[in-house]
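The values are calculated or read from the model by the stated rules, or taken from the named source; none is laboratory data. All values reported here derive from a predicted model rather than from experimental measurement. Cβ placement follows ideal geometry from the backbone for every residue including glycine, while neighbour counts extend to all protein chains displayed.
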């Protein structure tokens, strides 16, 4: 049984979707990632944002301040993520 609050090496569903959106481009603002995430789903802004922040904590993405927003860059390749799955 996994302890509450314990981190895992693989990403959450929201994090995986964020990575998929970022793999389509070299870097993107969260607004751009969210457009891909939402699609036809009713997804809260914070759900996607929390997924991106968790990925950043785990080293899956990096972010840089650009004006008033952040630009996210994937740090994990698709092959690396498949190895953890």
> Restricting the first residue to the stretch 2-29 and requiring it to be within 21 Å of residue 43 (Cβ to Cβ), which pairs with a second residue that is modelled with pLDDT of 50 or more and surrounded by fewer than 14 Cβ atoms within 10 Å (Cβ to Cβ) meet a Cβ separation below 7 Å and a spacing of at least six or different chains?
Replying inline: 10/84; 10/85; 23/78; 29/69
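Table: residues versus (1) exposed (fewer than 10 other Cβ atoms within 10 Å of the Cβ); (2) closer than 15 Å to residue 27 by Cα; (3) touching a residue at least 40 places away in the same chain (Cβ under 8 Å).
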{"residue": "47", "(1), (2), (3)": "no, no, no"}
{"residue": "51", "(1), (2), (3)": "no, no, yes"}
{"residue": "55", "(1), (2), (3)": "no, yes, yes"}
{"residue": "63", "(1), (2), (3)": "no, yes, no"}
{"residue": "75", "(1), (2), (3)": "no, yes, no"}
> What are the residues in the stretch 17-34 that are within 18 Å of residue 69 (Cβ to Cβ) and in contact with a helix residue (DSSP H, G or I) (Cβ under 8 Å, 6 or more places away or on another chain), if any?
Replying inline: 18, 21, 22, 25, 28, 30, 32, 33, 34
> Among the residues of the stretch 36-45 satisfying the criterion of being loosely packed, with under 13 Cβ neighbours inside 10 Å and within 16 Å of residue 21 (Cα to Cα), which is modelled with the lowest pLDDT?
Replying inline: 40
